[in-house]
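Participant: Pasting in a structure now, in structure tokens, and then I'll have a few things to ask.
The values are calculated or read from the model by the stated rules, or taken from the named source; none is laboratory data. Everything numeric in this text was worked out from a predicted model, so none of it was measured. Note that each Cβ is placed from the backbone with ideal geometry, even for glycine, and that neighbours are counted across all protein chains shown.
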Amino acid sequence: MSFPEIILYTGTFVFAVTGALKARAHKMDILGGTVLAFVTAYGGGTLRDLLIGIRVGWINDNIPLLLVAAAVIAVFLFRQNILMFEKTIFFTDAIGLALFTAGGIEKSLAYGVSESYAVVLGVMSATFGGLIADLLSGRQPSLFQKGELYATASAIGGIIYILLKHLHVSANLSLNICVAAVVAVRVISRKKKIELPHI
């Protein structure tokens with residue numbers, strides 16, 4: 001298993017947990033939770049693969065189904081109050097955002113996409129699954145919330161990841177720095193209500 005695949009599988013599990021937590025917060029049943037977990041984990045990556053023009057990554061791959069199932073079971077067995085749901089969703093989503101950004105960039109580059117568009121596809125990989133899940137669960141999509149940098153945090157992490165690759169920083173360290181940068185931007189933007197200028 002290649003390093004980009006490990007990144008994407010890890011991000012898959014984290015985003016599936018996020019989707020299952022959103023389903024619990026909205027008191028969905030276990031089927032609804034499974035659907036939301038799968039959409040959160042694979043919505044963005046599916047769109048990325050279609051745009052690149054390659055076979056969708058999870059087709060004929062049993063690992064994604066196992067990861068989604070494991071995430072749903074873990075959330076089903078782990079009980080906590082609704083305030084903790086929101087905090088847990090925020091941090092798992094931020095980590096998944098970073099992992100899918102880096103993994104999406106790596107996969108895009110592997111198929112000959114230029115670095116600038118690889119960053120765009122990395123952001124799309126990281127944000128569109130959550131966007132679809134938010135719409136399905138009736139939440140205001142994080143992508144459009146005021147006072148928070150969501151796709152922007154992903155883009156910042158993606159640019160840092162590309163720069164570190166140019167500096168020949170090891171893949172593991174680059175990933176860790178990317179994750180830390182995305183989480184830091186998300187946390188700071190939420191606490192300080194930092195947002196982009198209005199159009």
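Participant: Do the conditions hold for A102, that is, is it of a type in the set (A, V, I, L, M), within 14 Å of the chain's Cα centre (by Cα) and assigned to a helix (DSSP H, G or I)?
Facilitator: yes
Participant: I'd like the full set of residues that are among the charged types (D, E, K, R), part of a helix (DSSP H, G or I) and surrounded by fewer than 17 Cβ atoms within 10 Å (Cβ to Cβ), limited to segment 1-37.
Facilitator: Within segment 1-37, E5 is the sole residue that qualifies.
Participant: Looking for something basic (K, R) and either within 15 Å of the chain's Cα centre (by Cα) or under 19 Å from L99 (Cβ atoms) (or both) - is there at least one such residue anywhere in segment 136-144?
Facilitator: no
Participant: Right, another one. Could you please find all residues in segment 38-62 being modelled with pLDDT of 85 or more, surrounded by 14 or more Cβ atoms within 10 Å (Cβ to Cβ), closer than 19 Å to V14 by Cα and not aromatic (F, W, Y)?
Facilitator: Scanning segment 38-62 gives V39, T40, A41, G43, G44, G45, T46, L47, R48.
Participant: Need pairs with beta-carbon distance below 6 Å; first residue more than 14 Å from L121 (Cα to Cα) and within segment 139-167, second modelled with pLDDT under 95 and in a loop (DSSP other than H, G, I, E, B); sequence gap 6+ or separate chains.
Facilitator: S142/Y150; L143/Y150; K146/E195; G147/K193; G147/E195
Participant: Is it true that some residue in segment 117-136 is surrounded by 22 or more Cβ atoms within 10 Å (Cβ to Cβ), modelled with pLDDT under 85 and either of a type in the set (S, T, N, Q) or more than 14 Å from T18 (Cα to Cα) (or both)?
Facilitator: no
Participant: Across segment 177-199, what is the number of residues that are surrounded by fewer than 18 Cβ atoms within 10 Å (Cβ to Cβ) and under 16 Å from F100 (Cβ atoms)?
Facilitator: The qualifying residues number 1.
Participant: Are there any helices (runs of 4 or more DSSP H) wholly within segment 105-199 with 2 or more residues that are closer than 21 Å to V39 by Cβ and of a type in the set (S, T, N, Q), and if so which?
Facilitator: Of the helices (runs of 4 or more DSSP H) lying wholly inside segment 105-199, those with at least 2 residues that are closer than 21 Å to V39 by Cβ and of a type in the set (S, T, N, Q) span 115-137.
Participant: Going by the conditions given, is V56 touching a Ser or Thr at 6+ places or on another chain (Cβ under 6 Å), over 19 Å from G138 (Cβ atoms) and part of a loop (DSSP other than H, G, I, E, B)?
Facilitator: It is true that V56 is touching a Ser or Thr at 6+ places or on another chain (Cβ under 6 Å), over 19 Å from G138 (Cβ atoms) and part of a loop (DSSP other than H, G, I, E, B).
Participant: Give the residues of segment 38-53 that are in a helix (DSSP H, G or I) and among the small types (G, A, S), sorted by residue number.
Facilitator: Listed by number, the residues that qualify are A41, G43, G44, G45.
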